[in-house]
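Throughout, read-outs are computed from the coordinates displayed, never taken from laboratory work. Please read these numbers as outputs of a predicted model, since none were measured by experiment. Cβ placement follows ideal geometry from the backbone for every residue including glycine, while neighbour counts extend to all protein chains displayed.
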């Protein structure tokens, strides 16, 4: 199922034109509005007007995890605080404050809506959200579920409460971090129950890495399909990478993010097919806290074969293999 087939099945030439348009705008915005990026671009001897093609992104300096951790969100912020609609604390793998404009939130909800639809979540679904809705990614998920017309059941963080709601409702799906889903399985066992009793059909897992080592365990214990989402604290979003029903790699929301792959330990970009390297991401629409050429530390390989789901967004696999 598609949430926005016009974009999800966009022809490559159209997608690249859209990416270039948004890249130019983002670079100009960051240079004008962010003191950190103005200093970085000036030090690299590059100006926004030097970006003519997508390949010109290689003229721009990288942004590292250390830079994001060492500087406060206010130092990256491109707008006065009065323009911010939401502030959220992302706690894993390290605590980071993320800020969003109303448009940033709308983009995150749009991405999550597509990701949920790719997992066949619809009006007929009943979805339990496992976790604290102070989590910005879960807030976006709730909004996206409401866009799809889905019945939403907030399960919270108290597992006794979650078990009562599982008994009282007809949940088809549970959404949450891999850690919380595993704890739900353990809690059910602790009270003499088996999670399989609840007839869940789908688990949507938010992971701090592209791979989910617990996927097979969850699938076998719960007897469900497990879909993985990359829960990125640095970008403050959960919908940038998602799995379709084929479960072959992760699709990247390429109208919102531009991906590169760098050779391990180097600044050289790898373009050869089927080569592993470090994932580099640039946010193409983010207003409040743009990140340009961010070194994620994630090891990936781009999959160039078309996906049989019909989506034209590129897919990426990890060292755990394409079926993760």
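Give 226, 248 a once-over and let me know the one that is buried (at least 21 other Cβ atoms within 10 Å of the Cβ) and in contact (Cβ under 8 Å) with a residue 12 or more places away in the chain. Can you show your working first?
Values: 248 fails: buried (at least 21 other Cβ atoms within 10 Å of the Cβ).
Within the list 226, 248, the selection yields 226.
Which residues, taken from region 62-82, are outside any helix (DSSP H, G or I), surrounded by fewer than 16 Cβ atoms within 10 Å (Cβ to Cβ) and touching a helix residue (DSSP H, G or I) at 6+ places or on another chain (Cβ under 8 Å)?
The answer is 71, 79.
Kindly provide the set of residues from region 279-302 that are under 15 Å from the mean Cα position of the chain (by Cα), closer than 21 Å to residue 101 by Cα and surrounded by fewer than 22 Cβ atoms within 10 Å (Cβ to Cβ), ordered by number.
Across region 279-302, the qualifying residue is only 285.
State which residue pairs qualify: first residue exposed (fewer than 15 other Cβ atoms within 10 Å of the Cβ) and inside region 14-35, second residue assigned to a helix (DSSP H, G or I) in any location, beta carbons under 6 Å apart, and separation of 6 or more residues or different chains.
Matching pairs, first to second residue: 28/48.
Which condition from (1) within 21 Å of residue 8 (Cβ to Cβ); (2) out of contact with any strand residue (DSSP E or B) (no Cβ under 6 Å at 6 or more places or on another chain); (3) touching a residue at least 24 places away in the same chain (Cβ under 8 Å) is the one that residue 132 breaks?
So the condition that residue 132 fails would be (1).
Please go through (1) touching a strand residue (DSSP E or B) at 6+ places or on another chain (Cβ under 8 Å); (2) in a loop (DSSP other than H, G, I, E, B); (3) touching a residue at least 60 places away in the same chain (Cβ under 8 Å); (4) under 25 Å from residue 122 (Cα atoms) for residue 234 and return the number of the only condition it doesn't satisfy.
Against the list (1) touching a strand residue (DSSP E or B) at 6+ places or on another chain (Cβ under 8 Å); (2) in a loop (DSSP other than H, G, I, E, B); (3) touching a residue at least 60 places away in the same chain (Cβ under 8 Å); (4) under 25 Å from residue 122 (Cα atoms), residue 234 comes up short only on (4).
Residues of region 286-307 being out of contact with any helix residue (DSSP H, G or I) (no Cβ under 7 Å at 6 or more places or on another chain), within 26 Å of residue 213 (Cβ to Cβ) and in contact (Cβ under 8 Å) with a residue 60 or more places away in the chain, which ones?
294, 296, 298, 300, 307
Which of (1) in contact with a strand residue (DSSP E or B) (Cβ under 6 Å, 6 or more places away or on another chain); (2) closer than 24 Å to residue 106 by Cα; (3) buried (at least 18 other Cβ atoms within 10 Å of the Cβ) is the odd one out, the single condition residue 202 does not satisfy?
(2)
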